[in-house]
Amino acid sequence: ILLLTFFNVCPGFIRMAATMYYVTWVMEKSTSFASLFISLGVIGMMLGSALAKPLTDKFCKLKVFFWTNIILSVFS
C-alpha cells in the first residue's frame, strides 16, 4: 500500500513542481503568484472530488467522465 500510495502521489508533486517552474520562469511571475496558482488548482480538485459522487449518481458515469474532461480541456 505504501508503494502504491507513493506512485499515486508522486506525479502530483512533479506536476506542482513543474507548475512552480512554469509560473516563476516562463510567465515571469512571483513565487507568491505561483502559490496562489497552485492553491486555486487544489481547490478546484477538492470541489471536483466533492461533486463526483452526486454527478455520477444522477447521470451516466461515462457521460460525466466525457463532459468533465471536455470542460477540463477548455479550462486548461
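Data for the structure
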item	result
Meets criteria (touching a residue at least 12 places away in the same chain (Cβ under 8 Å) and either part of a helix (DSSP H, G or I) or in contact with a Ser or Thr (Cβ under 8 Å, 6 or more places away or on another chain) (or both)) for THR24	no
Residue satisfying all of: in segment 27-67; in a helix (DSSP H, G or I) and among the hydroxyl-bearing types (Ser, Thr, Tyr); farthest from GLY12 (Cα to Cα) among these	THR56
Residue tally, condition polar (S, T, N, Q), at pLDDT 85 or above and farther than 19 Å from PHE75 by Cβ, over segment 1-39	4
Residues that are exposed (fewer than 10 other Cβ atoms within 10 Å of the Cβ) and either of a type in the set (Ser, Thr, Tyr) or on the phi < 0 side of the Ramachandran plot (or both), drawn from segment 15-38	VAL26, SER32
Some residue of segment 39-46 being in contact (Cβ under 8 Å) with a residue 12 or more places away in the chain and surrounded by 11 or more Cβ atoms within 10 Å (Cβ to Cβ)	yes
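The values are calculated or read from the model by the stated rules, or taken from the named source; none is laboratory data. Note that the structure is predicted; figures quoted are calculated from it, not measured. FYI the Cβ positions are ideal-geometry reconstructions off the backbone, even for glycines, and counts take in every protein chain you see.
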